[in-house]
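Working notes, beginning with the structure itself.
The values are calculated or read from the model by the stated rules, or taken from the named source; none is laboratory data. These figures come from a predicted structure and were not determined experimentally. Cβ atoms come from the backbone with ideal geometry, glycine included; neighbour counts cover every protein chain shown. These area figures cover heavy atoms from the full protein model, side chains too; ligands, DNA and RNA do not enter into them. Shrake-Rupley method; radii C 1.70, N 1.55, O 1.52, S 1.80 Å.
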Amino acid sequence: MCSWCWGMTPEVDRARAVLPEAFDLLMGGINIHGTQPIGEFGRGHLMGIWREVQATTGQAFGFKLPTPLIYNSTLPCIAVQAVRQVLDAPPFDYLHRLQERFFVEGADINNLEVLAAAAQGCGLDREAFLQAAGSEKVRAATYFQMSTSRDFGTSALPSVLEQRGRERRLLAGGYLTAEALLEFARRAIEP
């Protein structure tokens, strides 16, 4: 549900096309404690951010939001982690599909049925997805990622972290081009 993450999707895809093994996902979570639907002010604020992201990145936005909208990315992050578990691989295609559903189509990606349909659309078995999404292991992994991502200083999303073994460090926060991503990736994978 991070507008800048959606805006950076084409850049991430271009970088992954060059060095696919160099990139992974870590769920940062956005507004993970939100429990109330946003009002007109919040909707207007999001539309302003979306206009800025679109002007900067050229990424498409549909400029519509589900009603009501509880702006909390916990369930979508759990869904992304569930797909990771089922695929045993970074779930970039699924993440991008969820982003498209939310930012372009205005779908409620806090609805488990929407999340399951997106998983099926990416070739996953519905029951395998639902089982993984409901598992304590997936939930614990998601919450761990969201809490530890903050430990690395990821106050701006998207953030780029370098990982060597079990050690991670923040390299950049905010929008980056594919060229910048590749420069970071090449430095990180050098011995």
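Considering only region 134-167, how many residues are closer than 25 Å to HIS33 by Cα and not in a helix (DSSP H, G or I)? Break it down stepwise before answering.
Our first condition is that a residue be closer than 25 Å to HIS33 by Cα; within region 134-167, this holds for 134-161.
Next, only the ones that are not in a helix (DSSP H, G or I) stay: 134-135, 152-161.
Within region 134-167, residues that are closer than 25 Å to HIS33 by Cα and not in a helix (DSSP H, G or I) number 12.
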### Query
Here are some residues: ARG101, ARG150. Which one is under 29 Å from ALA55 (Cα atoms) and out of contact with any helix residue (DSSP H, G or I) (no Cβ under 8 Å at 6 or more places or on another chain)?
ARG150
### Task
Test each condition in (1) within 23 Å of GLN36 (Cα to Cα); (2) among the polar types (S, T, N, Q); (3) under 17 Å from the mean Cα position of the chain (by Cα); (4) open to solvent by 20 Å² or more (accessible area, probe 1.4 Å) for THR67 and report the one that comes out false.
(3)
### Task
Please go through region 87-110 and pick out each residue that is surrounded by fewer than 19 Cβ atoms within 10 Å (Cβ to Cβ) and of a type in the set (Val, Ile, Thr).
VAL104
### One residue from ILE38, ILE32 being at pLDDT below 95 and in a loop (DSSP other than H, G, I, E, B)
ILE32
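Among what's in region 125-145 and is under 30 Å from TYR175 (Cα atoms) and surrounded by fewer than 20 Cβ atoms within 10 Å (Cβ to Cβ), pick the residue that is farthest from the chain's Cα centre (by Cα).
Initial filter on region 125-145 (under 30 Å from TYR175 (Cα atoms)): 133, 138-145.
When the remaining residues are screened for being surrounded by fewer than 20 Cβ atoms within 10 Å (Cβ to Cβ), the result is 139-141, 143-145.
Numbers: ARG139: 16, ALA140: 17, ALA141: 15, TYR143: 14, PHE144: 15, GLN145: 12 Å.
Here the answer is ALA140.
Would a scan of region 18-25 turn up a residue that is modelled with pLDDT under 95, assigned to a helix (DSSP H, G or I) and either on the phi > 0 side of the Ramachandran plot or not hydrophobic (A, V, I, L, M, F, W, C) (or both)? Even if it seems obvious, please write down each step before you answer.
First, the residues of region 18-25 that are modelled with pLDDT under 95: 19-25.
Of the ones still in play, those that are also assigned to a helix (DSSP H, G or I) are 20-22.
Add one more test, that the residue is either on the phi > 0 side of the Ramachandran plot or not hydrophobic (A, V, I, L, M, F, W, C) (or both), and what stays is 20-21.
Checked region 18-25: at least one residue is modelled with pLDDT under 95, assigned to a helix (DSSP H, G or I) and either on the phi > 0 side of the Ramachandran plot or not hydrophobic (A, V, I, L, M, F, W, C) (or both).
Out of THR56, THR74, which single residue is loosely packed, with under 14 Cβ neighbours inside 10 Å and in contact (Cβ under 8 Å) with a residue 24 or more places away in the chain? Working first, answer last.
Working: THR74 fails: loosely packed, with under 14 Cβ neighbours inside 10 Å.
Being loosely packed, with under 14 Cβ neighbours inside 10 Å and in contact (Cβ under 8 Å) with a residue 24 or more places away in the chain holds for just one of THR56, THR74, which is THR56.
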### Summary
When PRO191 is run through (1) farther than 24 Å from SER3 by Cβ; (2) assigned to a loop (DSSP other than H, G, I, E, B); (3) modelled with pLDDT of 80 or more; (4) not charged (D, E, K, R), the failure sits at (3)
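What's the total number of residues in region 120-178 that are among the hydroxyl-bearing types (Ser, Thr, Tyr) and closer than 13 Å to ALA79 by Cα?
3
On the given criteria, is LEU124 assigned to a loop (DSSP other than H, G, I, E, B) and in contact (Cβ under 8 Å) with a residue 12 or more places away in the chain?
Yes; evaluated as a whole, the condition is true for this residue.
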